[in-house]
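Notes follow once the structure below has been shown.
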Amino acid sequence: MRLIETARAPNPRRVRIFLAEKGIEIPTEQVDLGALEHKKPEFAERNPMRRVPVLVFDDGSTLSETVAICRYFEETQPDPPLMGRDARGKAEVEMWQRRMELEFLYPIMHTFRHTHPHMAQLEVPQVAEWGEANRPRVLKMIEFLDAELAERQFIAGDEYTIADITALVAADFMKPAKIERPDSLANLARWYDEVSSRPSAKA
Ligand SMILES: N[C@@H](CCC(=O)N[C@@H](CS)C(=O)NCC(=O)O)C(=O)O
């Protein structure tokens, strides 16, 4: 088994952190997105969406989509649970994970991809106005999260989960997207310091 990924890209990092939390080590193979390696026909055979990460099984079959890959490892190695414990807990984690992905990470990615000159060849058409339109959505989201985190330790409750992983990767991706986190958001800062000091955050 191996993970096809790109070291600096946010979605593969979500899988690397998830694996680090589980204590799972698998070989990785780098794809250079800047050199458009993922646009080559042989990559499309691994993932017709032409995106990383992609998990390649020993029989050559593949699995893509970040959360699907995490789900595979959650099922094959349940400890520590990162996607909830019981029916209600799993649903709560999924709710927060989806919020972190759709309402936090993706607006940051849109800002970056639609405003950074290096992304022009990947984001076609690159629409600067759309990138800029996403900046205030990110700020609104982090204010919302700051208020939520006054009530509990982690994004989805009292345990660290995949929702924290997605949110951490999003928070770190604010830097390349040139979106600043206001110092006044003390609960968010407390959460960020805690999750980013876990060894897995280095993944
Ligand atoms: N829905 C996919 C998205 C993956 C994705 O967007 N990956 C980016 C890197 S973070 C990528 O491969 N980009 C290549 C491109 O935009 O052409 C997932 O969750 O895995």
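Computed quantities for the displayed model
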item	result
Mean Cβ count within 10 Å, highest first, over the residues of peptides 5-18, 128-141	5-18, 128-141
Set of lysines with alpha-carbon distance to residue 202 below 24 Å, sequence-local pairs under 8 removed	22, 175, 178
Extreme residue, positive dipole direction of segment 42-199, given options 196, 56, 118 (C-beta unit charges)	118
Label-to-label distance, nm, for residues given as residue 1 and residue 178 (7 Å Cα→Cβ offset)	4.1 nm
Lys, Arg +1 and Asp, Glu -1 on Cβ, resulting dipole of segment 77-203 about Cα centre, debye, nearest 20	260 debye
Segment residue 86-residue 30, extension gain: residue separation times 0.36 nm, minus the distance between their alpha carbons	16.6 nm
Share of alpha-carbon pairs per 10 Å distance bin for the chain, given as whole %	9, 34, 36, 19, 3, 0
Whole-Hz ³J(HN,Hα) from phi, Karplus 6.51 cos²θ - 1.76 cosθ + 1.60, for segment 52-61, glycine and proline x	10, x, 9, 9, 10, 7, 5, 8, x, 6
Peptides 167-173, 121-127 ordered by average Cβ neighbours within 10 Å, highest first	167-173, 121-127
The chain: antiparallel DSSP beta bridges as a percent of all, rounded to 5	70 percent
Gyration tensor (Cα) of segment 87-202, equivalent ellipsoid semi-axes in angstrom	26, 15, 13
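Here, each number is a calculation from the coordinates, and none is a lab measurement. For clarity, every value in this text was computed on a predicted model and none was experimentally measured. So basically every Cβ, Gly included, is an ideal-geometry build from the backbone, and we count neighbours across all protein chains shown.
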